[in-house]
Each structure stands twice: as structure tokens, then as C-alpha cells.
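Notes to accompany the following structure.
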Amino acid sequence: MALRFEVLGRFNRARAARLTLPHFVSQTPLFMPVGTQGTIKGLTTNQLEEIGCQIILGNTYHLALRPTSELIDELGGLHKFMNWPRAMLTDSGGFQMVSLLHLADITEKGVTFQSPVDGKPMLLTPEESIQIQNRIGADIIMALDDVVKTTITGPRIEEAMYRTLRWIDRCIAAHKKPNEQNLFGIVQGGLDPVLRDICVRGLVERNLPGYAIGGLAGGEDKDSFWRVVAQCTALLPEDKPRYVMGVGYPLDIVVCSALGADLYDCVYPTRTARFGTALVPEGVLKLKHKAMAEDTRPIDPTCSCMVCKNYTRAYIHCLVTKDAMGSQLLSYHNLHYMLQLSRDLHSSIIEERFPDFVRGFLQKMFPKGDVPEWVCNAMEVAGIKISSCCAQFSSSHDSGLEKDAPTKKFDDKEIAFDDKYTLINKFDSRSFGDDEVAIDDKYIANQEVF
């Protein structure tokens, strides 16, 4: 095992920890930006260090295709290749089973992909995935799992979960650098609590360095999303890091951290930047909107990033429709926002003010008190009183009198909530394609200016 995970502070399920990896000592909760092919689009590694990035992701599937793991290994590993001195995580390539399913054939042996580069077949087995990741050299490597969309039901979910457990043993056997790289297992099982339970217990028996919760953020309703996270974090070991894969909306990260998760990744902050959208405490700000054309304020007056200190909304509005610099500046700001959120989560837990931080976060994002009911119920399980943030309660409850409760045990049989509360943080939970509009126009922060 090549990591040390030390819990430094707690509030009920939530924890702040120090994660020591071969290349860097990180603080959790932590958002990890995605650099699919060895780069965060539009930003240099110096800029990533500048904004406090601690761990970045690379994609095994794409790096194996180009420039190839053999070349990366020959040139000294991905850290040296991309000039990144801090920690890295590589995924297994399993997610491509979902995102490139029309190019893939899944069997017990592995996954056969049709290369999007040259059309040739490429067999990715658990052994080959680990061998590629050993050559790439990331601090954390992920086991190859059988990934299915959470919206799928029936026997395919059970098949994928049991195959994931069989494949973890093949990954462990193939891993040649356990003293340099940390192999994480991935919990699968769809939205079925019984299958999730079987998978968690099976992985924990293998005593891995860390564990990921996979198969979420793929279109499931938000009530189901948080319940899966709550169930898995309650069962996973206290002394190992817990990573919720594919989660990048700020509200999701706050909720998952309250439920006991530690690590997150998503392309969302940089991808939505390329659509001209900035992350702000109130939600999102669409810089392409015509109201931005003469707005001389910074993106976020409370933000300390280089972009907010030096550029106006009007200037970035001018760029986002015509110049790549616009998306670069917004990517810088959005990642700064996510990493500052990570730091705020960590410090608020350490300083024993986490419930107040959560309430303040929700009050900024939902000033009218329209906090989604799924958030309210997740916070109840997390032992955090948020009635002062909710319109239906605020008139009869004084926030100063609220008392946070010890966390209650998660019950799989708790009732589901009204469908109208399945949307989150003003976005849905699906993954975005590069050609999709990321955010609905009606969800523009600071709507009073329009």
C-alpha cells in the first residue's frame, strides 16, 4: 500500500482527512479535475498548481490509444511527460463501456473496443488495464469494472456487479507496483441496495487501499443518487478514502461530503466553461447572455482568483463567443471555485463549523428557500439541520436556535420522495456531450440583472 489516510476532523458522517500519496499530500474532501489525455484543456500545469490543484485524472483508454502507454513509460511516466509534480489518478477505461458502448463488446474476458482513432479492435482486459496503468505511473489506479447505466434495470445490473467482483481479483493479481501505486476497487450494483451491499462487502474483504462508488451521475433521479452514496459510505471502512466517481456539481459534492465521501471528479467545471458558463455561489452565470455585454463587475466579487481580480464580465462575454481565451479564463475560474469549495469543506470540518458552512452554502444557492427535498432528506441522514434554509420552515424556525443532531443510521426502507424534487442544483445529473448545451437558460444566476 502506497498511501496513508488520516482523519483529522469529523462531523457525524463528514470527515476531513490528510491523504498522503507518493507524489503529494492532499487534503480531503477534494475535487479532482479531469485531464483525459494528460492535459486540463486550456490550462498549464503551473496554473493548476497556482489554484491549488492536488490530484488530476488521466484516462487509461485514451492515453493507451494516444500517445500509448509504452511511449509514456519510455519517457518517464505521465508525471514527467506532462510536467505535473503532484498526485495523479488514472481510471481503468471501464467508463468507456457506457460512453462508447456502440464501439464495445463486453465479455468475461474483457471489453473489445473499436478504436475511434483508426477503427481497429482493442481488447481491454482487467490485466491489460492494470498493465497500462502501471506503465502510466499514477498514484492511484482504478480496477476495471463492468459499468452499466444506472437507468438500466434487470439481470444486466446483477451480472455487471458479480463480474466486477471477479475482475477485481484479476486486477489485484496483475498489479505489479503495489508499493508505488494504489489500486482502488469500484462498487457497482446500480440502484439496487442488495447488490450494492454485496459488492461493498466483497471489495472490503480484499482490503484495498481505497474504494470508489461507481455507476452514478448517469441520469438517475437525485433521491436514488444520495441514497446509494449514503448506503455505500456507511459500509466502507473508516480508515480508507472513499471516491464518488463522476460527481462535479457543487451541491452534489457538499451533500456527498456530509454523507462521508472524500474524493470527486468530473469534466463539468471545464466543459461548462467551454459553453461560456461560470460557477458562482448562487449557481451559474452565463457569460454569453446579452446582459453581460456591459457588465463591468467580475464574475464573482467574492472570488480571489486571477480572473475575477483582472477581468470583467463584459470582457469575458466578448471573448466567449469569438476567442479560445474566453473558455480558458472560465476554466481557470471554475476550477478555482471547485478547489476553494474543497478547501472550505475541509477547513469547516476541522474547525467544527461544518453545519454552519452547509447552511450558508444552501442559503446562497437557494435564497428563496427552495432547497430540493432530496437535499433536505440527505441532510437529515447526515445530522445537519437546514430548516432555516427552506421556505416551508424558515418562518417558524430561528436559524440561531437550530441544533444539529447526531447522524442516524441509514435505512434502505425509508420512503422515496416526490418526483418534483429529483432535480438538483438547477441542473440534471446526466453527463454532457461536447456538442450539448450544458445548462438551461432559465437557470442563470443573479437573474435580477436580466
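The values are calculated or read from the model by the stated rules, or taken from the named source; none is laboratory data. As the structure is a computational prediction, the values presented were derived from the model and not from experiment. When we count neighbours, we look across all protein chains shown, and the Cβ atoms used for this are built from the backbone with ideal geometry, even at glycine. The area values use the complete protein model at the heavy-atom level, side chains included, leaving out ligands, DNA and RNA. Shrake-Rupley method; radii C 1.70, N 1.55, O 1.52, S 1.80 Å.
So in the chain, what percent of DSSP beta bridges are antiparallel if you round to the nearest 5?
Numbers: 23 of 47 bridges.
Antiparallel bridges make up about 50 percent of those DSSP assigns within the chain.
Which of the residue pairs LYS290/LYS322; LYS109/LYS177; LYS286/LYS368; LYS80/LYS240 have a Cα-Cα distance greater than 25 Å in the structure shown?
Numbers: LYS290/LYS322 14 Å; LYS109/LYS177 23 Å; LYS286/LYS368 20 Å; LYS80/LYS240 28 Å.
In this structure, LYS80/LYS240 lie more than 25 Å apart at Cα.
Run the quick spin-label model on VAL117 and LYS177: label points 7 Å from Cα toward the beta carbon, then report their separation in nm to one decimal.
1.9
Here are a few candidate values for log10 I(q)/I(0) by the Debye sum over Cα atoms at q = 0.08 Å⁻¹: (i) -0.69; (ii) -0.44; (iii) -0.50. Which one was actually calculated from the structure I just gave you?
Correct label is (ii).
Determine the per residue accessible area of the chain with all protein chains present and a 1.4 angstrom probe, expressed in square angstrom.
41
Suppose every K and R has +1 on its Cβ and every D and E has -1 on its Cβ; what is the size of the dipole of the stretch 276-366 about the Cα centre, in Debye to the nearest 20?
Values: 11 positive and 9 negative charges, 62 e Å.
For the stretch 276-366, the charge dipole is close to 300 debye.
Go ahead and collect, in residue order, the members of the stretch 235-271 whose backbone nitrogen is under 12 Å from a label point 7 Å along the Cα-Cβ direction of MET1.
So the set is 237-241.
Which of HIS336, CYS256, THR270 sits farthest toward the positive end of the charge dipole of the stretch 250-361, with +1 on the Cβ of Lys and Arg and -1 on the Cβ of Asp and Glu?
So the residue furthest toward the plus end is THR270.
Which values, in whole Å and largest first, are the semi-axes of the equivalent ellipsoid of the stretch 139-193 obtained as the square root of 5 times each eigenvalue of the Cα gyration tensor?
26, 11, 7
With a 1.4 Å probe and every protein chain kept in, tell me what percent of the accessible surface of the chain is carbon plus sulfur. Show your work: numbers first, answer last.
Numbers: 9420 of 18470 Å².
Here it works out to 51 percent.
State to the nearest 20 debye the size of the charge dipole of the chain about its Cα centre, where the only charges are +1 on K and R beta carbons and -1 on D and E beta carbons.
Details: 49 positive and 57 negative charges, 124 e Å.
Its charge dipole is roughly 600 debye.
Strictly under 4.7 angstrom between C-beta atoms: which cysteines of the chain have no such partner?
Result for the chain is CYS53, CYS171, CYS199, CYS232, CYS256, CYS266, CYS305, CYS318, CYS376, CYS389, CYS390, no neighbouring Cys Cβ within the cutoff.
Say the dipole of the chain comes from +1 at the beta carbon of Lys and Arg and -1 at that of Asp and Glu; which of PRO85, CYS232, CYS318 then lies farthest toward its positive end?
Value computed over the given set: PRO85.
Under a 1.4 angstrom probe, counting protein chains only, how are MET338, MET82, MET306 ranked by accessible area, largest first? Intermediate values should be presented prior to the final figure.
Numbers: MET338 0, MET82 25, MET306 55 Å².
Descending accessible area places them as MET306, MET82, MET338.
Among GLY52, GLN114, SER26, pick out the residue whose Cα is farthest towards the positive end of the charge dipole of the stretch 21-139, where Lys and Arg carry +1 and Asp and Glu carry -1 on C-beta, about the Cα centre.
Working it through, the farthest residue towards the positive pole turns out to be GLY52.
Stretch ALA234-LYS309 to full length: gain in nm at 0.36 nm per residue minus the Cα-Cα span?
Details: separation 75, 0.36 × 75 = 27.00 nm, distance 4.17 nm.
Here the segment from ALA234 to LYS309 would lengthen by 22.8 nm.
In what order, largest first, do PHE361, PHE81 sit by accessible area if the probe radius is 1.4 Å?
Values: PHE361 20, PHE81 90 Å².
Per-residue accessible area, sorted high to low, gives PHE81, PHE361.
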